[in-house]
Number of protein chains: 2
Amino acid sequence: MISVAKESDALDRIASDLRVAAFLFTRRMRLESHLEEVTDSQLTVLLHLSRVGPRTPGQLAEFERVSAPSMNRTVNVLATAGWVRRVDDPADGRRVLVEITEAGDELARTARRRRNAWLKAQLRHLDPDDRAALVRAVEVIGEMARR
Amino acid sequence: MISVAKESDALDRIASDLRVAAFLFTRRMRLESHLEEVTDSQLTVLLHLSRVGPRTPGQLAEFERVSAPSMNRTVNVLATAGWVRRVDDPADGRRVLVEITEAGDELARTARRRRNAWLKAQLRHLDPDDRAALVRAVEVIGEMARR
DNA sequence: TATTGTTATACTCTATAACTATA
DNA sequence: TATAGTTATAGAGTATAACAATA
């Protein structure tokens, strides 16, 4: 029974540390983003659209794991700013496709570079073992988040 | 020059993947927290106070990497709910200490258990190599966030 | 004058509930 | 009746600027 308790304690420790690290890391990245035109969440949607092409609001919400109204607001902001446009789906009158504009695509590229600059500088100084662990952990964390 | 470009591209890829993973993971954990009495940010402050004892609002803000007014709002919510109290520093009239109450300490313990449940279940199914990579990566990410 | 805490203000992110239009 | 999108509403988190009190 002792080993079961130890195992549970160890997992507890990892869980707490991981949660705190992810939380602080997310905040720190937002701080180091130096974005002016869009917020972090907005840029994330923009980058997704840039990579995968037009998507419905519902698909975007599911992918980003947020509610439909929440995503709708983000799309509104992006559309008002001219980074995306809504296009009616000719095959189904209920559906709408959100499409990145040329200006949006341009912005996504430059903003992504700016946003990654700080993090890349951090990664450059890691030793190879740590970097390898990080790469594997990123996959694991991503899978857990999406499972 | 090619290898320099490759290195930069590789770092770019890791940076993007890490950012997305941390972002989604944080959202997913908030979703799986099942907290009613406090939000995620509030509980984080509560747990910190529970671990390290009374701290000034300024110290809390610095530790959590948020602005002083932002932390002040969080402390206000916690104080109104009775989870913490403010105590004047007798040695320096400008300073205030934020102290967790007994009820707050009790809440912190039970809420922490509830919040970790989902994540622990995920961790339990990882194979040992992945878990080791995760542990090391958590240290690395935490250091980057706080550097 | 410098430091610590707080208030004022404004904006983003988020969710649930309700509503509209189409299938 | 079910689905997709949207609007209405409300609350939390965040920052900058301004203010108050004390050292």
Sort out which residues of the stretch A:57-78 are away from chain B (no Cβ under 14 Å) and either closer than 25 Å to A:Gln122 by Cβ or away from DNA strand C (no atom under 13 Å from the Cβ) (or both), and write them in order of number.
A:Gln59
Enumeration of residues in the stretch A:32-47 that are within 15 Å of DNA strand D (Cβ to nearest atom) and either assigned to a helix (DSSP H, G or I) or surrounded by fewer than 20 Cβ atoms within 10 Å (Cβ to Cβ) (or both):
A:Glu32, A:His34, A:Leu35, A:Glu36, A:Thr39, A:Asp40, A:Ser41, A:Gln42, A:Val45
Between residues in the stretch B:26-43 that are closer than 16 Å to B:Val77 by Cβ and residues that are among the β-branched types (Val, Ile, Thr) and surrounded by 15 or more Cβ atoms within 10 Å (Cβ to Cβ), which pairs lie under 8 Å by C-beta distance while being six or more apart or on different chains?
B:Ser41/B:Thr74; B:Gln42/B:Thr74; B:Gln42/B:Val77
Are any residues in the stretch A:77-111 closer than 15 Å to A:Val52 by Cα and hydrophobic (A, V, I, L, M, F, W, C), and if so, which ones?
A:Val84, A:Leu97, A:Val98, A:Ile100, A:Ala108
Among residues belonging to the stretch B:83-133 that are of a type outside the set (A, V, I, L, M, F, W, C), part of a loop (DSSP other than H, G, I, E, B) and surrounded by 12 or more Cβ atoms within 10 Å (Cβ to Cβ), point out the one that is farthest from DNA strand D (Cβ to nearest atom).
B:Thr101
Just checking, does the stretch A:105-121 include any residue being touching a residue at least 24 places away in the same chain (Cβ under 8 Å) and under 30 Å from B:Lys120 (Cβ atoms)?
yes
Can you name the residue in the stretch A:79-99 that is among the charged types (D, E, K, R) and within 12 Å of DNA strand C (Cβ to nearest atom) and, of all such residues, is nearest to the other protein chains (Cβ to nearest Cβ)?
A:Arg95
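None of the figures in this text is laboratory data; all of them are computed from the coordinates on show. These numbers were taken from a predicted model, which means no experiment stands behind them. Positions of Cβ are generated from backbone atoms using ideal geometry, with glycine treated the same way; all protein chains shown enter the neighbour counts.
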